[in-house]
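Take a look at the structure below.
The values are calculated or read from the model by the stated rules, or taken from the named source; none is laboratory data. Treat the numbers as computed from the prediction; the structure is a model and nothing was measured. Here the Cβ positions follow ideal geometry from the backbone for every residue, glycine too, while neighbour counts run over all protein chains shown.
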């Protein structure tokens, strides 16, 4: 069998072991492993990398533990506005949505945008109308309610402050989920999904749905999914920058990821991380924070889920 690989992430940031109970850590690792296995099983059965990343990200969206889908944070208006994107490396096809409300799995809608709409990026009510036309699964606001997320919102409600996911005094987690995969046909794909920032206003959109910033895939180079302080990832065009360094500077995947995350991004004050893989199945899980929820599984025998450095 040709090499197959998949990697996932569930957010990066200041994740302190001292503030993590054994039960909570176990729950995170179990959710990550289930998402990893679901995508890998599809790859093993001959499915495409696109199907695999969609499946893994959908699993993470279905968990209240991560800031995407069901676990999305509250906006300033007390709603849940979600963003997502997906991209295929073979023909550079892509689909993305932003500021959508009520869609159970935004990543699935992103794929429909890519394959059925004739466009790349749909937003707000228009994206929701398209989702209804495509018979996507919608859920009411109670489905997206989580007490922890609600308490986070109450801490900053009525102010101009925003928070990245579970922000508390010693814990800053950039809540985004994502996956990258290589299938047996040599095609790579990437998908990213998020609920954004707690108390976000003015229709704020981060890097997750932006092709080239938070998500990118090209068979000639790599597939990348990012998580971090979105404004910096947009300004640095992080996902595409990794691909560019490989294509034009002949860097390896590892070299390119290190250069972007530890030098170029930090130079402008950005923190966070990314997951990436190349057409040979090499996987890189790079971050400049204290931790990142992450995992990888490959046909070479690697199977791990990790949180801390």
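Can you name every residue in the range 79-136 that is closer than 22 Å to residue 62 by Cβ, touching a residue at least 60 places away in the same chain (Cβ under 8 Å) and surrounded by fewer than 16 Cβ atoms within 10 Å (Cβ to Cβ)? 79 - this is the single residue of the range 79-136 that is closer than 22 Å to residue 62 by Cβ, touching a residue at least 60 places away in the same chain (Cβ under 8 Å) and surrounded by fewer than 16 Cβ atoms within 10 Å (Cβ to Cβ).
Do we find that residue 53 is modelled with pLDDT of 95 or more, in contact with a strand residue (DSSP E or B) (Cβ under 6 Å, 6 or more places away or on another chain), surrounded by fewer than 18 Cβ atoms within 10 Å (Cβ to Cβ) and within 19 Å of residue 217 (Cα to Cα) in this structure? Here the answer is no, as residue 53 does not meet what is asked. Considered as a group, the residues in the range 228-268 that are part of a loop (DSSP other than H, G, I, E, B) and at pLDDT 95 or above include one that is nearest to the chain's Cα centre (by Cα), and that residue is 237.
Taking the range 181-196 as the region of interest, how many residues are part of a loop (DSSP other than H, G, I, E, B) and either without any contact (Cβ under 8 Å) to a residue 60 or more places away in the chain or at negative phi (or both)? Selection size over the range 181-196: 5. Any idea which residue in the range 4-39 is surrounded by the fewest Cβ atoms within 10 Å (Cβ to Cβ), counting only those that are at pLDDT 95 or above and not in a helix (DSSP H, G or I)? Filtering first and then ranking leaves 4. Filter the range 140-151 down to the residues that are part of a loop (DSSP other than H, G, I, E, B) and over 21 Å from the mean Cα position of the chain (by Cα), then identify the one that is surrounded by the fewest Cβ atoms within 10 Å (Cβ to Cβ). Per the criteria, the residue is 142. Here is the figure for the range 282-299: residues that are under 18 Å from residue 42 (Cβ atoms) and surrounded by fewer than 21 Cβ atoms within 10 Å (Cβ to Cβ) total 2.
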